[in-house]
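Working notes for the structure below.
The values are calculated or read from the model by the stated rules, or taken from the named source; none is laboratory data. No experiment lies behind these values; they were computed from the predicted model shown. Cβ: placed from backbone, ideal geometry, glycine included. Neighbour counts: every protein chain shown. Ligands, DNA and RNA are stripped out before the accessible areas are found, and what is left, the full protein with its side chains, is counted by its heavy atoms. Shrake-Rupley method; radii C 1.70, N 1.55, O 1.52, S 1.80 Å.
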Amino acid sequence: MRYPDGGGLTAVERARRERVRFQAAEMFAVGMRPPQVARALRVSRKSAYAWHAAWREGGRDALRSKGPSGMASRMQPAWRAWLARALEQGPAAHGWAEDQRWTLARVSVLIARRFHVRFSQPQLSRILRQMGFSVQVPVHRAAERDEEQVATWWRETWPRVEGKVREQGAWLVFEDESGQSLRPPKARTWSRMGVPPVVRVSGKGSGRVSLAGLVCAKPGERTRLIYRMLVHHSGRRGEKSGFRERDFAVLLDATRQQLGGHIVLLWDNSTQHKDTLMRELLAARKPWLTVFRFPPYSPDLNPAEGVWANLKNDLGNLAACTVDALADLARTRLKRIQYRPDLLDGFIAETGLTLAPP
């Protein structure tokens, strides 16, 4: 009697199923009945009775895996290796320059062009999963990004940053700014099938919440999040619409007072970070402050971006009525992040800019 293992199963999955059947054979041998085996192994009674019948006819070997059922896959191992390399090159390398996504339809065309064989989309879905591919949300990167410049930064600047942190026993501080208006970012939510949810938001300008945050790390210390917030109400004169150079300087002074010791600062190349006034303010703090800059168009290197992404994902379906209510919501959620150093460590680990213990 043959028991199909399923053409979509991998060799590992077939081996796991075979082990379960062998356990059942051992239980049958000591007198256990199929219902008892079904309960013990958490399988259906139908499977347990079928295994018992096969065991009585041929013993333990009758429950051995017969390999994948059905016809052998037309997707040969050499084809899979070629397909993996082709997918990693990206759609643009194969003529789809207008939309940088791999769809099953495109993968089918790609294989047909090369090997003159057509696979159905369900077949391709199983094949890709067996190859270690899955459906994922892509990460967007600026077209102006210079990968060679980023590689040079990793090779030359990052070792200098690590060296300065170790030499001074300093805190490594990542700085970034963000903002949020009353129009919330889109986020996933549950809704009845076929009825897209509607989140009503204000269509008129009613203010903005500006945020400046610092993720502070030091081997042997709890990772910190320090932030400042500016609330700008539309139509009110005299209110700051964003952070200026002196605001950054005051924030750095407060950070040093809270952390103590030296600070090695990493931030981006925005104008307010490198204009004449900012250079003068940084020079006045040179005894305890060392500044390095990220390469252009590289937000993926800044763990503070992870803080903003987490915050905005949390604010996605919270439609605040006023900018002050929005500010209160942002404070509450940033406070939660402050009490989760493990989450902050995760944001740093995602960038790869982790510091080795002394």
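Worth pointing out:
- 3J(HN,Hα) along the stretch 270-285, derived from phi through the Karplus expression 6.51 cos²θ - 1.76 cosθ + 1.60 where θ = phi - 60°, amounts to 5, 4, 5, 8, 9, 6, 4, 4, 5, 4, 5, 5, 5, 4, 5, 10 Hz, with x in place of Gly and Pro.
- Exposure here means at most 12 other Cβ atoms within 10 Å; with chymotrypsin sites (Phe, Trp or Tyr not before Pro) in a DSSP loop as sites, the longest stretch of the chain lacking them is 1-189.
- Residue range of the chain that is longest and free of GluC sites (Glu not before Pro) which are both DSSP loop and sparsely packed (at most 13 other C-beta within 10 Å): 240-358
- Trypsin sites (Lys or Arg not before Pro) restricted to DSSP loop in the stretch 12-48 with at most 10 other C-beta within 10 Å: Arg42
- Within the accessible area of the chain, the carbon and sulfur atoms contribute 51%, probe 1.4 Å, all protein chains present.
- Rounded to the nearest 20 debye, the dipole magnitude of the chain is 1840 debye, with +1 charges on Lys and Arg beta carbons, -1 on Asp and Glu beta carbons, and the Cα centre as origin.
- Contact order relative to length of the stretch 205-358, as percent, for alpha carbon pairs under 8 angstrom and 6 or more apart: 27 percent
- Distant-in-sequence amide contacts of Val291, defined by a placed amide H-H separation under 5 Å and a gap of 5 or more residues or a different chain, comprise Leu265.
- Normalised per residue, the accessible area of the chain is 60 Å², obtained with a 1.4 Å probe and no contribution from ligands, DNA or RNA.
- Computed over the chain, the per-residue total of -39500 (n - 2.57) for DSSP H runs of n ≥ 4 gives a 222 nm mean residue ellipticity of -13500 deg cm²/dmol, rounded to 500.
- For Ser234, nonlocal amide neighbours, meaning residues 5 or more places apart or on other chains whose placed amide H falls under 5 Å from its own, are Gly207, Arg208.
- Each of Gly207, Gly132, Ala25 was scored by the projection of its Cα onto the charge dipole of the chain, and the greatest displacement toward the positive side belongs to Ala25; charges sit on the C-beta of Lys, Arg, Asp and Glu.
- The coefficient of translational diffusion for the chain, derived via Stokes-Einstein from the alpha carbon Kirkwood radius under 10 °C and 1.306 mPa s, stands at 61 µm²/s.
- Net charge of neighbours whose Cβ lies under 13 Å from the Cβ of Arg39, counting Lys and Arg as +1 and Asp and Glu as -1: +3
- Hz values of 3J(HN,Hα) by residue in the stretch 258-267 - Karplus curve (6.51, -1.76, 1.60), Gly and Pro given as x: 6, 8, x, x, 7, 10, 10, 9, 10, 8
- DSSP-defined beta bridges in the chain - what % are antiparallel, rounded to 5: 65 percent
- For Asp268, distant residues with modelled amide H under 5 Å away: Phe294
- Rounded Å value of the spacing that divides the Cα centres of the stretch 251-299 and the stretch 14-32: 65 Å
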